[in-house]
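Working notes, structure below.
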Amino acid sequence: MEWDWTFVWQILPTLLQGLKITILATVLGALVAAVFGLVLAIARRSRNAAVSRTVGFFADFIRGTPLLVQLYFIFYVLPDIGIRLSPLVAGVIGLGIHYGTYAAEVYRAGIDNVPRGQWEAARATNLSTRQAWIHVILPQAIPPMIPALANYFIAMFKETPLLSAITVLELMNQAKSVANSSYRYIEPMTLVGVFFLVISLISVVGLRFLENRYARVDER
Amino acid sequence: MIDWSGYIGLILQGALVTMELTVLGSALALIMAFAAGLGRLSRFAVVRTLATVYIEFFRGTSIFVQLFWVYFVLPFAGLTLTPMQAGVLALGLNVGAYGAEVVRGAVRAVGREQREACVALNLSRYQRMRHVILPQALPLMLPTFGNNAIELLKGTAVVSLISLTDMTFQAQVVRAQTGNTLIPFATILVLYFVMASAISAGMRWLERRATRGLDGVRA
(Lines give C-alpha, C1' and ligand atoms only; values in the text may rest on other atoms or scores of the structure.)
Protein backbone atom coordinates (compact mmCIF):
# COMPACT_ATOMS: atom_id res chain seq x y z
CA MET A 1 0.00 0.00 0.00
CA GLU A 2 1.23 3.47 -0.85
CA TRP A 3 1.12 6.67 1.16
CA ASP A 4 -1.92 8.67 0.02
CA TRP A 5 -1.94 12.43 0.61
CA THR A 6 -5.61 12.99 -0.28
CA PHE A 7 -6.53 10.47 2.40
CA VAL A 8 -4.31 12.35 4.84
CA TRP A 9 -6.16 15.64 4.23
CA GLN A 10 -9.45 13.82 4.51
CA ILE A 11 -8.73 12.37 7.98
CA LEU A 12 -6.84 15.36 9.37
CA PRO A 13 -9.91 17.16 10.85
CA THR A 14 -10.95 14.00 12.71
CA LEU A 15 -7.45 13.57 14.10
CA LEU A 16 -7.26 17.20 15.19
CA GLN A 17 -10.55 16.66 17.04
CA GLY A 18 -8.82 13.83 18.88
CA LEU A 19 -5.75 15.95 19.53
CA LYS A 20 -7.95 18.49 21.32
CA ILE A 21 -9.17 15.79 23.73
CA THR A 22 -5.60 14.54 24.17
CA ILE A 23 -4.43 18.01 25.19
CA LEU A 24 -7.45 18.54 27.42
CA ALA A 25 -6.80 15.24 29.20
CA THR A 26 -3.12 16.13 29.63
CA VAL A 27 -3.81 19.53 31.13
CA LEU A 28 -6.54 18.30 33.48
CA GLY A 29 -4.44 15.26 34.43
CA ALA A 30 -1.50 17.53 35.21
CA LEU A 31 -3.63 19.68 37.50
CA VAL A 32 -4.88 16.61 39.38
CA ALA A 33 -1.32 15.25 39.57
CA ALA A 34 0.09 18.54 40.88
CA VAL A 35 -2.47 18.77 43.68
CA PHE A 36 -2.55 15.06 44.51
CA GLY A 37 1.25 14.92 44.49
CA LEU A 38 1.40 17.78 46.98
CA VAL A 39 -1.04 15.99 49.30
CA LEU A 40 1.04 12.82 49.07
CA ALA A 41 4.28 14.68 49.69
CA ILE A 42 2.88 16.40 52.78
CA ALA A 43 1.35 13.17 54.10
CA ARG A 44 4.68 11.45 53.49
CA ARG A 45 6.39 13.98 55.75
CA SER A 46 3.83 13.40 58.51
CA ARG A 47 5.28 12.69 61.95
CA ASN A 48 2.76 9.91 62.40
CA ALA A 49 4.72 6.84 61.22
CA ALA A 50 1.57 4.93 60.31
CA VAL A 51 0.44 7.70 57.96
CA SER A 52 3.80 8.22 56.28
CA ARG A 53 4.42 4.45 55.89
CA THR A 54 0.97 3.83 54.40
CA VAL A 55 1.31 6.74 52.00
CA GLY A 56 4.81 5.61 51.04
CA PHE A 57 3.60 2.09 50.30
CA PHE A 58 0.63 3.38 48.33
CA ALA A 59 2.91 5.56 46.19
CA ASP A 60 5.31 2.66 45.58
CA PHE A 61 2.40 0.45 44.64
CA ILE A 62 1.02 2.95 42.12
CA ARG A 63 4.46 3.49 40.64
CA GLY A 64 5.09 -0.26 40.39
CA THR A 65 1.95 -1.12 38.45
CA PRO A 66 0.93 -0.22 34.90
CA LEU A 67 -1.18 2.86 34.23
CA LEU A 68 -3.31 0.82 31.81
CA VAL A 69 -4.39 -1.58 34.55
CA GLN A 70 -5.06 1.30 36.91
CA LEU A 71 -7.29 2.87 34.27
CA TYR A 72 -9.17 -0.42 33.86
CA PHE A 73 -9.51 -0.58 37.62
CA ILE A 74 -11.01 2.91 37.84
CA PHE A 75 -13.21 2.44 34.81
CA TYR A 76 -14.52 -1.09 35.45
CA VAL A 77 -14.31 -1.70 39.21
CA LEU A 78 -15.56 1.60 40.61
CA PRO A 79 -19.01 1.35 38.93
CA ASP A 80 -19.55 -1.87 40.92
CA ILE A 81 -19.44 0.13 44.13
CA GLY A 82 -21.70 2.80 42.70
CA ILE A 83 -19.18 5.32 41.37
CA ARG A 84 -19.95 5.85 37.71
CA LEU A 85 -17.44 8.02 35.86
CA SER A 86 -17.40 9.19 32.27
CA PRO A 87 -14.40 7.80 30.34
CA LEU A 88 -12.64 11.17 30.24
CA VAL A 89 -13.08 11.76 33.98
CA ALA A 90 -11.85 8.25 34.76
CA GLY A 91 -8.86 8.84 32.47
CA VAL A 92 -8.00 12.19 34.04
CA ILE A 93 -8.21 10.70 37.55
CA GLY A 94 -6.04 7.74 36.49
CA LEU A 95 -3.40 9.97 34.92
CA GLY A 96 -3.55 12.34 37.88
CA ILE A 97 -3.08 9.63 40.51
CA HIS A 98 -0.33 7.83 38.57
CA TYR A 99 1.73 10.94 37.86
CA GLY A 100 0.84 12.44 41.24
CA THR A 101 3.01 9.76 42.87
CA TYR A 102 5.90 10.84 40.64
CA ALA A 103 5.25 14.52 41.35
CA ALA A 104 5.26 13.72 45.08
CA GLU A 105 8.86 12.48 44.79
CA VAL A 106 9.85 15.68 43.00
CA TYR A 107 8.25 17.80 45.72
CA ARG A 108 9.90 15.74 48.41
CA ALA A 109 13.35 16.03 46.84
CA GLY A 110 12.84 19.75 46.29
CA ILE A 111 11.86 20.34 49.92
CA ASP A 112 14.59 18.08 51.30
CA ASN A 113 17.19 19.89 49.20
CA VAL A 114 16.64 23.16 51.04
CA PRO A 115 19.55 23.18 53.51
CA ARG A 116 18.76 22.64 57.18
CA GLY A 117 20.42 25.95 57.96
CA GLN A 118 17.56 27.76 56.23
CA TRP A 119 15.05 26.22 58.66
CA GLU A 120 17.26 27.12 61.58
CA ALA A 121 17.74 30.65 60.34
CA ALA A 122 13.98 31.04 59.91
CA ARG A 123 13.50 29.82 63.46
CA ALA A 124 16.26 32.15 64.71
CA THR A 125 14.62 35.19 63.09
CA ASN A 126 11.40 34.26 64.89
CA LEU A 127 9.34 33.37 61.80
CA SER A 128 6.30 31.20 62.38
CA THR A 129 6.20 27.78 60.65
CA ARG A 130 3.78 29.21 58.11
CA GLN A 131 6.00 32.19 57.40
CA ALA A 132 9.05 29.94 57.14
CA TRP A 133 7.31 27.80 54.52
CA ILE A 134 5.97 30.68 52.48
CA HIS A 135 8.86 33.12 52.62
CA VAL A 136 11.93 30.93 53.05
CA ILE A 137 11.50 27.28 52.12
CA LEU A 138 9.11 27.23 49.15
CA PRO A 139 10.75 30.08 47.21
CA GLN A 140 13.97 28.05 47.30
CA ALA A 141 12.38 24.64 46.81
CA ILE A 142 10.09 25.36 43.87
CA PRO A 143 12.37 26.67 41.08
CA PRO A 144 14.60 23.54 40.96
CA MET A 145 11.43 21.40 40.80
CA ILE A 146 10.07 23.07 37.68
CA PRO A 147 12.16 21.22 35.05
CA ALA A 148 11.50 17.84 36.70
CA LEU A 149 7.78 18.53 36.87
CA ALA A 150 7.77 19.66 33.24
CA ASN A 151 9.53 16.41 32.35
CA TYR A 152 6.69 14.39 33.88
CA PHE A 153 4.19 16.66 32.15
CA ILE A 154 5.68 15.64 28.80
CA ALA A 155 5.77 11.99 29.87
CA MET A 156 2.11 12.20 30.78
CA PHE A 157 1.24 13.74 27.43
CA LYS A 158 2.88 10.77 25.73
CA GLU A 159 0.92 8.30 27.86
CA THR A 160 -2.51 9.72 26.99
CA PRO A 161 -3.03 7.23 24.11
CA LEU A 162 -3.68 4.67 26.87
CA LEU A 163 -6.98 6.46 27.49
CA SER A 164 -8.22 5.03 24.19
CA ALA A 165 -8.38 1.65 25.96
CA ILE A 166 -11.17 3.00 28.18
CA THR A 167 -13.00 4.48 25.17
CA VAL A 168 -11.92 8.11 25.48
CA LEU A 169 -12.09 9.53 21.97
CA GLU A 170 -8.60 11.05 21.97
CA LEU A 171 -6.07 11.14 19.15
CA MET A 172 -5.17 7.45 19.17
CA ASN A 173 -8.77 6.31 19.33
CA GLN A 174 -9.80 8.59 16.46
CA ALA A 175 -6.90 7.21 14.43
CA LYS A 176 -7.92 3.65 15.24
CA SER A 177 -11.54 4.22 14.27
CA VAL A 178 -10.50 5.90 11.03
CA ALA A 179 -8.14 3.00 10.32
CA ASN A 180 -10.72 0.36 11.10
CA SER A 181 -13.43 1.90 8.95
CA SER A 182 -11.22 2.54 5.93
CA TYR A 183 -8.78 -0.39 6.29
CA ARG A 184 -5.87 1.99 5.88
CA TYR A 185 -3.44 1.88 8.78
CA ILE A 186 -0.35 3.58 7.38
CA GLU A 187 -1.57 7.18 7.32
CA PRO A 188 -3.52 7.41 10.61
CA MET A 189 -0.93 5.53 12.67
CA THR A 190 1.99 7.42 11.17
CA LEU A 191 0.23 10.75 11.66
CA VAL A 192 -0.40 9.97 15.32
CA GLY A 193 3.30 9.22 15.68
CA VAL A 194 4.23 12.45 13.88
CA PHE A 195 1.87 14.53 16.03
CA PHE A 196 3.31 13.13 19.24
CA LEU A 197 6.89 13.40 18.01
CA VAL A 198 6.51 17.03 16.88
CA ILE A 199 4.74 18.15 20.05
CA SER A 200 7.20 16.42 22.34
CA LEU A 201 10.22 17.71 20.41
CA ILE A 202 8.84 21.23 20.78
CA SER A 203 8.21 20.62 24.49
CA VAL A 204 11.77 19.37 24.89
CA VAL A 205 13.01 22.74 23.60
CA GLY A 206 10.75 24.39 26.17
CA LEU A 207 12.14 22.06 28.82
CA ARG A 208 15.74 23.03 27.97
CA PHE A 209 14.72 26.65 28.42
CA LEU A 210 13.18 25.90 31.82
CA GLU A 211 16.32 24.01 32.83
CA ASN A 212 18.54 26.92 31.88
CA ARG A 213 16.27 29.32 33.69
CA TYR A 214 15.64 27.42 36.92
CA ALA A 215 17.90 24.44 37.45
CA ARG A 216 21.24 26.25 37.45
CA VAL A 217 21.15 26.82 41.20
CA ASP A 218 23.32 23.87 42.14
CA GLU A 219 25.44 23.78 38.99
CA ARG A 220 28.82 22.38 39.83
CA MET B 1 -20.40 -19.37 43.12
CA ILE B 2 -17.64 -19.01 40.57
CA ASP B 3 -14.85 -21.57 40.50
CA TRP B 4 -11.83 -19.29 40.65
CA SER B 5 -9.06 -21.87 40.32
CA GLY B 6 -9.34 -22.05 36.52
CA TYR B 7 -9.38 -18.29 36.19
CA ILE B 8 -6.41 -17.86 38.49
CA GLY B 9 -4.58 -20.38 36.28
CA LEU B 10 -5.41 -18.24 33.27
CA ILE B 11 -3.99 -15.15 34.93
CA LEU B 12 -0.84 -17.05 35.94
CA GLN B 13 -0.38 -18.12 32.31
CA GLY B 14 -0.61 -14.44 31.44
CA ALA B 15 1.96 -13.68 34.12
CA LEU B 16 4.40 -16.01 32.34
CA VAL B 17 3.89 -14.11 29.07
CA THR B 18 4.42 -10.82 30.91
CA MET B 19 7.67 -12.11 32.42
CA GLU B 20 8.87 -13.44 29.06
CA LEU B 21 8.19 -10.06 27.46
CA THR B 22 9.95 -8.25 30.30
CA VAL B 23 13.06 -10.44 30.11
CA LEU B 24 13.36 -10.40 26.30
CA GLY B 25 12.49 -6.69 26.12
CA SER B 26 15.09 -5.86 28.79
CA ALA B 27 17.74 -7.85 26.91
CA LEU B 28 17.07 -5.91 23.71
CA ALA B 29 16.88 -2.65 25.66
CA LEU B 30 20.25 -3.33 27.28
CA ILE B 31 21.90 -3.95 23.90
CA MET B 32 20.31 -0.83 22.39
CA ALA B 33 21.20 1.26 25.44
CA PHE B 34 24.89 0.43 25.18
CA ALA B 35 24.96 0.66 21.37
CA ALA B 36 23.23 4.05 21.27
CA GLY B 37 24.73 5.40 24.49
CA LEU B 38 28.30 4.68 23.41
CA GLY B 39 27.32 5.72 19.88
CA ARG B 40 26.52 9.20 21.15
CA LEU B 41 30.06 9.41 22.53
CA SER B 42 31.63 8.20 19.29
CA ARG B 43 34.44 9.98 17.46
CA PHE B 44 32.46 9.80 14.22
CA ALA B 45 29.79 12.41 13.57
CA VAL B 46 27.68 9.95 11.53
CA VAL B 47 27.43 7.49 14.42
CA ARG B 48 26.65 10.30 16.84
CA THR B 49 23.86 11.62 14.63
CA LEU B 50 22.34 8.17 14.10
CA ALA B 51 22.33 7.51 17.84
CA THR B 52 20.80 10.92 18.57
CA VAL B 53 18.03 10.44 16.00
CA TYR B 54 17.23 7.00 17.42
CA ILE B 55 17.09 8.31 20.98
CA GLU B 56 15.01 11.40 20.23
CA PHE B 57 12.62 9.47 18.03
CA PHE B 58 11.88 6.75 20.55
CA ARG B 59 11.72 9.10 23.51
CA GLY B 60 9.47 11.51 21.61
CA THR B 61 6.56 9.11 21.14
CA SER B 62 5.01 6.73 23.60
CA ILE B 63 5.39 2.97 23.70
CA PHE B 64 1.74 2.63 22.76
CA VAL B 65 2.07 4.56 19.50
CA GLN B 66 5.28 2.73 18.61
CA LEU B 67 3.72 -0.65 19.29
CA PHE B 68 0.73 0.09 17.08
CA TRP B 69 2.99 1.41 14.38
CA VAL B 70 5.18 -1.69 14.49
CA TYR B 71 2.19 -4.01 14.52
CA PHE B 72 -0.10 -2.32 12.00
CA VAL B 73 2.15 -0.34 9.66
CA LEU B 74 5.23 -2.54 9.25
CA PRO B 75 3.19 -5.35 7.60
CA PHE B 76 2.56 -2.95 4.71
CA ALA B 77 6.31 -2.64 4.32
CA GLY B 78 6.43 -6.43 4.00
CA LEU B 79 7.52 -7.09 7.58
CA THR B 80 4.85 -9.06 9.43
CA LEU B 81 5.58 -9.71 13.08
CA THR B 82 3.80 -11.86 15.61
CA PRO B 83 2.37 -9.87 18.54
CA MET B 84 5.19 -11.24 20.72
CA GLN B 85 7.91 -10.09 18.30
CA ALA B 86 6.23 -6.70 17.87
CA GLY B 87 5.98 -6.33 21.65
CA VAL B 88 9.61 -7.22 22.32
CA LEU B 89 10.80 -4.99 19.47
CA ALA B 90 8.77 -1.94 20.52
CA LEU B 91 9.48 -2.32 24.25
CA GLY B 92 13.19 -2.98 23.71
CA LEU B 93 13.70 -0.08 21.33
CA ASN B 94 11.67 2.30 23.49
CA VAL B 95 13.31 1.54 26.82
CA GLY B 96 16.70 1.21 25.10
CA ALA B 97 16.45 4.86 24.09
CA TYR B 98 15.99 5.89 27.72
CA GLY B 99 18.80 3.55 28.78
CA ALA B 100 21.12 5.09 26.21
CA GLU B 101 20.98 8.44 27.99
CA VAL B 102 21.79 6.65 31.25
CA VAL B 103 24.83 4.96 29.68
CA ARG B 104 26.02 8.25 28.22
CA GLY B 105 25.56 10.12 31.49
CA ALA B 106 27.35 7.45 33.52
CA VAL B 107 30.31 7.19 31.13
CA ARG B 108 30.71 10.95 31.11
CA ALA B 109 30.51 11.05 34.89
CA VAL B 110 33.74 9.07 35.17
CA GLY B 111 36.43 11.60 35.99
CA ARG B 112 38.71 13.17 33.42
CA GLU B 113 41.78 12.10 35.33
CA GLN B 114 40.82 8.46 34.73
CA ARG B 115 40.95 9.03 30.96
CA GLU B 116 44.20 10.91 31.23
CA ALA B 117 45.70 8.11 33.29
CA CYS B 118 44.64 5.63 30.57
CA VAL B 119 46.33 7.71 27.89
CA ALA B 120 49.43 7.93 30.05
CA LEU B 121 49.41 4.13 30.42
CA ASN B 122 49.09 3.74 26.64
CA LEU B 123 45.82 1.77 26.80
CA SER B 124 43.93 1.41 23.53
CA ARG B 125 40.46 2.94 23.24
CA TYR B 126 38.87 -0.47 23.72
CA GLN B 127 41.00 -1.32 26.76
CA ARG B 128 40.26 2.06 28.24
CA MET B 129 36.50 1.52 27.96
CA ARG B 130 36.53 -2.15 28.97
CA HIS B 131 38.92 -2.08 31.92
CA VAL B 132 38.76 1.43 33.31
CA ILE B 133 35.71 3.45 32.33
CA LEU B 134 32.89 0.89 32.24
CA PRO B 135 33.68 -0.84 35.55
CA GLN B 136 33.36 2.54 37.21
CA ALA B 137 30.38 3.69 35.15
CA LEU B 138 28.34 0.51 35.64
CA PRO B 139 27.44 1.07 39.33
CA LEU B 140 26.21 4.54 38.37
CA MET B 141 23.92 3.06 35.72
CA LEU B 142 22.38 0.24 37.74
CA PRO B 143 19.82 2.12 39.87
CA THR B 144 18.40 3.90 36.82
CA PHE B 145 18.48 0.68 34.81
CA GLY B 146 16.35 -0.85 37.57
CA ASN B 147 13.81 1.94 37.18
CA ASN B 148 13.87 1.47 33.42
CA ALA B 149 13.25 -2.26 33.80
CA ILE B 150 10.21 -1.47 35.95
CA GLU B 151 8.99 1.00 33.32
CA LEU B 152 9.39 -1.79 30.77
CA LEU B 153 7.41 -4.19 32.95
CA LYS B 154 4.64 -1.60 33.18
CA GLY B 155 4.86 -1.07 29.44
CA THR B 156 4.13 -4.74 28.79
CA ALA B 157 0.50 -4.16 29.82
CA VAL B 158 0.04 -2.23 26.58
CA VAL B 159 0.72 -5.32 24.43
CA SER B 160 -2.64 -6.69 25.59
CA LEU B 161 -4.12 -4.18 23.15
CA ILE B 162 -2.51 -5.95 20.19
CA SER B 163 -4.07 -9.24 21.34
CA LEU B 164 -1.03 -10.72 23.04
CA THR B 165 -2.29 -12.88 25.91
CA ASP B 166 -0.36 -11.25 28.73
CA MET B 167 -1.60 -10.75 32.28
CA THR B 168 -3.74 -7.69 31.48
CA PHE B 169 -5.33 -9.46 28.51
CA GLN B 170 -6.18 -12.50 30.64
CA ALA B 171 -7.68 -10.26 33.31
CA GLN B 172 -9.97 -8.80 30.66
CA VAL B 173 -10.91 -12.34 29.59
CA VAL B 174 -11.75 -13.24 33.17
CA ARG B 175 -13.75 -10.04 33.51
CA ALA B 176 -15.72 -10.83 30.36
CA GLN B 177 -16.42 -14.41 31.42
CA THR B 178 -17.28 -13.91 35.08
CA GLY B 179 -18.60 -10.37 35.14
CA ASN B 180 -16.49 -9.81 38.23
CA THR B 181 -14.16 -6.84 37.94
CA LEU B 182 -12.54 -6.44 41.32
CA ILE B 183 -10.84 -9.83 41.66
CA PRO B 184 -9.09 -10.05 38.27
CA PHE B 185 -7.83 -6.47 38.30
CA ALA B 186 -6.81 -6.49 41.96
CA THR B 187 -4.97 -9.78 41.41
CA ILE B 188 -2.95 -8.52 38.49
CA LEU B 189 -2.18 -5.21 40.21
CA VAL B 190 -0.69 -7.18 43.09
CA LEU B 191 1.20 -9.48 40.70
CA TYR B 192 2.65 -6.51 38.79
CA PHE B 193 3.72 -4.96 42.07
CA VAL B 194 5.38 -8.20 43.19
CA MET B 195 7.29 -8.38 39.91
CA ALA B 196 8.36 -4.74 40.19
CA SER B 197 9.56 -5.35 43.76
CA ALA B 198 11.49 -8.41 42.58
CA ILE B 199 13.20 -6.30 39.92
CA SER B 200 14.23 -3.61 42.38
CA ALA B 201 15.48 -6.21 44.88
CA GLY B 202 17.51 -7.90 42.11
CA MET B 203 18.96 -4.54 41.07
CA ARG B 204 20.05 -3.73 44.61
CA TRP B 205 21.83 -7.09 44.74
CA LEU B 206 23.55 -6.41 41.41
CA GLU B 207 24.55 -2.98 42.62
CA ARG B 208 26.23 -4.45 45.69
CA ARG B 209 28.13 -6.89 43.47
CA ALA B 210 29.18 -4.23 40.99
CA THR B 211 30.46 -1.86 43.64
CA ARG B 212 32.52 -4.60 45.33
CA GLY B 213 36.15 -3.52 45.31
CA LEU B 214 35.35 0.03 44.26
CA ASP B 215 35.50 1.47 47.78
CA GLY B 216 37.61 4.58 47.88
CA VAL B 217 37.45 5.02 44.11
CA ARG B 218 34.04 6.58 44.15
CA ALA B 219 33.48 9.92 45.72
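The values are calculated or read from the model by the stated rules, or taken from the named source; none is laboratory data. Note that this is a predicted model, so its numbers are computed, not measured. Please note: Cβ atoms are built from the backbone with ideal geometry, for glycine as well, and neighbour counts cover all protein chains shown.
Just name the residue that is farthest from B:Gly25 (Cα to Cα) out of those in the stretch B:77-109 that are within 14 Å of chain A (Cβ to nearest Cβ) and in contact with a Lys or Arg (Cβ under 9 Å, 6 or more places away or on another chain).
In this case the residue turns out to be B:Glu101.
How many residues are more than 9 Å from chain A (Cβ to nearest Cβ), modelled with pLDDT of 90 or more and out of contact with any Asp or Glu (no Cβ under 8 Å at 6 or more places or on another chain) if we restrict to the stretch B:148-163?
The qualifying residues number 4.
Could you tell me whether B:Thr144 is more than 19 Å from the chain's Cα centre (by Cα), of a type in the set (Ser, Thr, Tyr) and surrounded by 14 or more Cβ atoms within 10 Å (Cβ to Cβ)?
Answer is no for this residue.
One residue is enough: does the stretch B:58-73 have a residue meeting the conditions charged (D, E, K, R) and part of a helix (DSSP H, G or I)?
yes
Of all residues in the stretch B:175-188, how many are in contact with a helix residue (DSSP H, G or I) (Cβ under 6 Å, 6 or more places away or on another chain) and facing another protein chain (nearest Cβ under 8 Å)?
Going through the stretch B:175-188 one residue at a time, the tally reaches 5.
I'd like to know if the stretch B:89-101 contains one or more residues that are surrounded by 17 or more Cβ atoms within 10 Å (Cβ to Cβ) and free of Cβ contacts under 8 Å to residues at least 24 places away in the same chain.
Within the stretch B:89-101, none of the residues are surrounded by 17 or more Cβ atoms within 10 Å (Cβ to Cβ) and free of Cβ contacts under 8 Å to residues at least 24 places away in the same chain.
Suppose we filter B:Met195, B:Met129 for residues that are away from every other protein chain (no Cβ under 14 Å) and part of a helix (DSSP H, G or I); which single one remains?
Criteria check complete, one pass: B:Met129.
I'd like to verify a number: residues in the stretch B:61-76 that are more than 7 Å from chain A (Cβ to nearest Cβ), free of Cβ contacts under 8 Å to residues at least 40 places away in the same chain and farther than 17 Å from A:Phe157 by Cα, how many?
Looking only at that region, the number is 3.
In the stretch A:40-65, which residue that is part of a helix (DSSP H, G or I) and touching a residue at least 60 places away in the same chain (Cβ under 8 Å) is nearest to A:Leu138 (Cα to Cα)?
Looking only at the stretch A:40-65, we keep the residues that are part of a helix (DSSP H, G or I), and these are A:40-44, A:49-64.
Of the ones still in play, those that are also touching a residue at least 60 places away in the same chain (Cβ under 8 Å) are A:40-41, A:44.
Numbers: A:Leu40: 17, A:Ala41: 13, A:Arg44: 17 Å.
Checking each candidate, the answer is A:Ala41.
Please report, ordered by residue number, the helices (runs of 4 or more DSSP H) entirely within the stretch A:136-220 with at least 1 residues that are within 13 Å of A:Ile11 (Cα to Cα).
Output list reads A:171-182, A:186-214.
Please specify each residue of the stretch A:179-202 satisfying the condition of being more than 7 Å from every other protein chain (Cβ to nearest Cβ), touching a residue at least 40 places away in the same chain (Cβ under 8 Å) and more than 18 Å from B:Ser62 (Cβ to Cβ).
Answer for the stretch A:179-202, where residues must be more than 7 Å from every other protein chain (Cβ to nearest Cβ), touching a residue at least 40 places away in the same chain (Cβ under 8 Å) and more than 18 Å from B:Ser62 (Cβ to Cβ): A:Ser182, A:Arg184, A:Glu187.
Please state which one of A:Gly110, A:Gly96, A:Gly91, A:Gly37 is more than 11 Å from chain B (Cβ to nearest Cβ), in contact with a Pro (Cβ under 7 Å, 6 or more places away or on another chain) and either surrounded by 14 or more Cβ atoms within 10 Å (Cβ to Cβ) or touching a residue at least 40 places away in the same chain (Cβ under 8 Å) (or both).
A:Gly110
Select, from A:Leu78, A:Leu68, the only residue that is under 30 Å from B:Gln170 (Cα atoms) and surrounded by 19 or more Cβ atoms within 10 Å (Cβ to Cβ).
A:Leu68
Being more than 14 Å from chain A (Cβ to nearest Cβ), touching a Pro at 6+ places or on another chain (Cβ under 6 Å) and either over 20 Å from A:Ala165 (Cβ atoms) or not in a helix (DSSP H, G or I) (or both) is true for just one of B:Ala137, B:Ala210. Which residue is that? Even if it seems obvious, please write down each step before you answer.
On the way: B:Ala137 fails: touching a Pro at 6+ places or on another chain (Cβ under 6 Å).
None of the other options fit; the residue is B:Ala210.
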